Structure formats: structure tokens, C-alpha cells
1. So, in region 243-274, how many residues would count as being more than 13 Å from the chain's Cα centre (by Cα) and within 12 Å of residue 231 (Cα to Cα)?
2. Tell me which residues, restricted to region 249-292, are under 21 Å from residue 389 (Cβ atoms) and open to solvent by less than 10 Å² (accessible area, probe 1.4 Å).
3. Quick one: count up the residues across region 338-360 that are under 29 Å from residue 287 (Cβ atoms) and touching a residue at least 40 places away in the same chain (Cβ under 8 Å).
4. Just checking: which of the helices (runs of 4 or more DSSP H) contained wholly in region 319-374 hold 2 or more residues that are among the β-branched types (Val, Ile, Thr) and either open to solvent by 10 Å² or more (accessible area, probe 1.4 Å) or in contact with a Phe, Trp or Tyr (Cβ under 7 Å, 6 or more places away or on another chain) (or both)?
5. Among the residues in region 20-27, are any farther than 12 Å from residue 118 by Cβ, in a loop (DSSP other than H, G, I, E, B) and either open to solvent by 50 Å² or more (accessible area, probe 1.4 Å) or modelled with pLDDT of 80 or more (or both)?
6. Counting only residues that are open to solvent by 70 Å² or more (accessible area, probe 1.4 Å), assigned to a helix (DSSP H, G or I) and under 20 Å from residue 330 (Cα atoms), how many does region 49-89 have?
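The values are calculated or read from the model by the stated rules, or taken from the named source; none is laboratory data. Since the structure is predicted, the reported quantities are computational estimates derived from the model, not experimental observations. Cβ placement follows ideal geometry from the backbone for every residue including glycine, while neighbour counts extend to all protein chains displayed. Remember, those area values only see protein heavy atoms, side chains included, never the ligands or the DNA or RNA. Shrake-Rupley method; radii C 1.70, N 1.55, O 1.52, S 1.80 Å.
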Amino acid sequence: LSRGLGDVYKRQVQPLFTKMVLPRLGGSPAVWSVAMVFFQSLLLAGYAYAHYLMRLRNRMIPVAVHLALLAIALATLPLSIAGGWGEPPASGYAIWLLGLFAVSIGLPFFALAANNPLLQAWFVRTGHPNGPDPYFLYASSNIGSFLALLSYPVLLEPMFALRTQNLIWTGGYGVLIVLIAACGVLLLRSPMSAAVDILAGDSDAPAPAWSLRARWIFLAAVPSGLLIAVTAHISTDVAAAPLLWVLPLSLYLLTWVLVFQSRPLLPHRWMLMVQPVAIAGIIVLLAVGGEQNLLLTLGGHQLCFFVIAMACHGELARTRPAAKYLTGFYVALSFGGMVGGLFAGLIAPYAFSWVAEYPILLALAALCRPPGEERLPRWSRWYWPLLLAVA
């Protein structure tokens, strides 16, 4: 419940605060892209904080430190735009906007971002029977994110004024602190021997190789960049509607839910089979254009994006490490997400005069397949050269 509620508030704050700053910037789709880069970067910071906090051997210190951080963040609420920023500059407003987000909402979101890996690590250390494979909790937390993101434009935004939304969010933040404190108490009361047994069972599992860590980063970066590229393409070349910015992100979160379930509804091998068709489908849509059939174009881009993201995230789920290394795994995922977001959200708009990052990321998506020796051992020497040629 704590994980799910934490991700609800983590995701709902994104459209909430972005809406607060839109009047200053005219509602440009680029504002959403910069906001996504900010939240992905702060997610990395929160995951890194959780990773190093859980390396401490003492159980009490991580609980006390994180609850203190949440309490300090609560003191900065309700959300408000930091004073002294004035009007955005005529050029380079992306850096201005990142600074505004950092001083206005940075601390509360940083504390929320750390909840995901921290609560999973605490769960492992309680000695629960499901502790050796806690990744199903990542699916449950993303269900919270998915529902929160869809509920904002459908329920919260039409029913409540912005100030009321802010107060509701602040009250929920306080409830979340109480729930996380309860989780901390459960951790401290759990027998140390059970946790030692689980972690000792992972002692035989080798640490992930750096090549595997680099592959995790790549697999996370491509869908993250595609998320922003698809959103930018839809907003600039197909239709400019704020609700359409939410749909690709909702599909992105849904892929995390599906791939980390104990029994995935969509088998990974199916997604790998369909992924080349999805890449080809986007190429056709880009070549034909979307003026003839708007609905088909919008649905086609997002369906193909969903399949590509499922293939990439399915590979991440398939190669996930033992529970002992889960916080490092999440750091790699968040770092890849930030790299993809930086490329598509900040670098590409200044480097290209059109949405060139979209086909570039499609080419990189062709490389997000399992190693050749796992699927085609007889042709493994030609596997990567062939994929490079296709890309």
C-alpha cells in the first residue's frame, strides 16, 4: 500500500506542478519534455540515495534518515512556484525551467523517488517468503503510477481547482509518511536471522558484470527517449492537445507493470517477435504522414511504441539480478531513463530542425534484442553485424 500510494503521489505531482508553471510559458509541448527530463533526473538521484543508504549494515539508520528526509520535505509543502524567478528568458528557457522545478519541487519529489527501491530493499530484509524475488512490487508500484496519471485529467483536474488539488496532494503526502513509518517499524521488528538467510542465499549469485550494467542502461534509455520523441511528434506534427501528452506516458508505465508481473500477460517472446513489425510500422507512418487519418496515425504511433517498450523492458525484467543487487539495478534503469530523456528532451530540440530523434531512436531500438548466442547460436557471429545494418 505504501509503495502504491507513493507512486500515485509521485506521478500526480508531475501534471499538477507542470500545470502550475504553464501560464508562464504559454503551454508549449516542449515544457512537458523538459519536465520529463527533470523528473527522470531526480528519479536517478533518489535511486542513488536509496542504493547507498541500503549499503549500511545498520537497520535503524536508513529508516531514521529517510523518515527525517520525508518530514523535512513535508515542511516545504504545499507546492508553490519559487519566488524571485520572474519571467523566463527569450532563449535558453529549458535551463531556467529546470532550475525553477528544482527549487520549487525538488526536495519532495526526491524523497518520493527514493521510496520505490527503499521499500523493496526493506521488504527483502523482513525475511518475507517472497523476499528472494521482490520485483513484483515494481509492477504494483507502477500500477499506482498508471492509475494516478490517468486519474488526473479525468477526475482531479475537472473536479477541483488547482489550489484544492495542491492541498489534497499535501495531505496525502502526510498520510504516506505515516505508512512508510509503519513499514519501517515492521522492518525493525522482523527477525534479523530471516533476512540474513535470504541475503545469504544470494551470496552465490555473482555481481552483475559491467557489460550487463551497460546493457541495462541502454535498454532503459531507448524507450525513455522514444517516450519523449513520440510525444513531441504527436504534439508538433499530428495534433497539439494536452491529453495526448499523457497517453504515451501511460503506455510507458503500463509496460513496466506488465513485464514485472509474476506471470506476465504478454509473453516476452511474443513482444520480441512483433518488435521488428512495430519498428517498420512507425517508419511507414513517418513516411506517409498523418493528415489523411488522424485517429489511425495517433493509434499506430502509440501502439508501435508500446510494443517496442515492452520488448526493451521485457529484456530488463528477464536479466534482473538477485535481490541483493536490486538497488544497483534500479540505479542503472534510472540512469538509462535520464540519458534517453536528456537526448530527446534537451539535446535533440537544439541539434535538429525536426523530430530527427524519433528515427534515430528507432534505429537504436533495433539493437535492443537478446544476444545472438541465446536465440540463434549457429548464426551468432553474424547477429550483431546484421542488426547494425538494419539499424
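1. 5
2. Hits for region 249-292 are 272, 275, 278, 282.
3. The total comes to 14.
4. Answer list for region 319-374: 326-342.
5. Scanning region 20-27, I find at least one residue that is farther than 12 Å from residue 118 by Cβ, in a loop (DSSP other than H, G, I, E, B) and either open to solvent by 50 Å² or more (accessible area, probe 1.4 Å) or modelled with pLDDT of 80 or more (or both), so the answer is yes.
6. Counting residues in region 49-89 that are open to solvent by 70 Å² or more (accessible area, probe 1.4 Å), assigned to a helix (DSSP H, G or I) and under 20 Å from residue 330 (Cα atoms) gives 1.
Let's see how each residue does on (1) closer than 20 Å to residue 257 by Cβ; (2) in a helix (DSSP H, G or I); (3) touching a residue at least 60 places away in the same chain (Cβ under 8 Å); (4) of a type in the set (Asp, Glu):
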{"position": "113", "(1), (2), (3), (4)": "yes, yes, yes, no"}
{"position": "117", "(1), (2), (3), (4)": "yes, yes, yes, no"}
{"position": "122", "(1), (2), (3), (4)": "no, yes, yes, no"}
{"position": "133", "(1), (2), (3), (4)": "yes, no, yes, yes"}
{"position": "151", "(1), (2), (3), (4)": "yes, yes, yes, no"}
{"position": "154", "(1), (2), (3), (4)": "yes, yes, no, no"}
{"position": "157", "(1), (2), (3), (4)": "no, yes, yes, yes"}
{"position": "166", "(1), (2), (3), (4)": "no, yes, yes, no"}
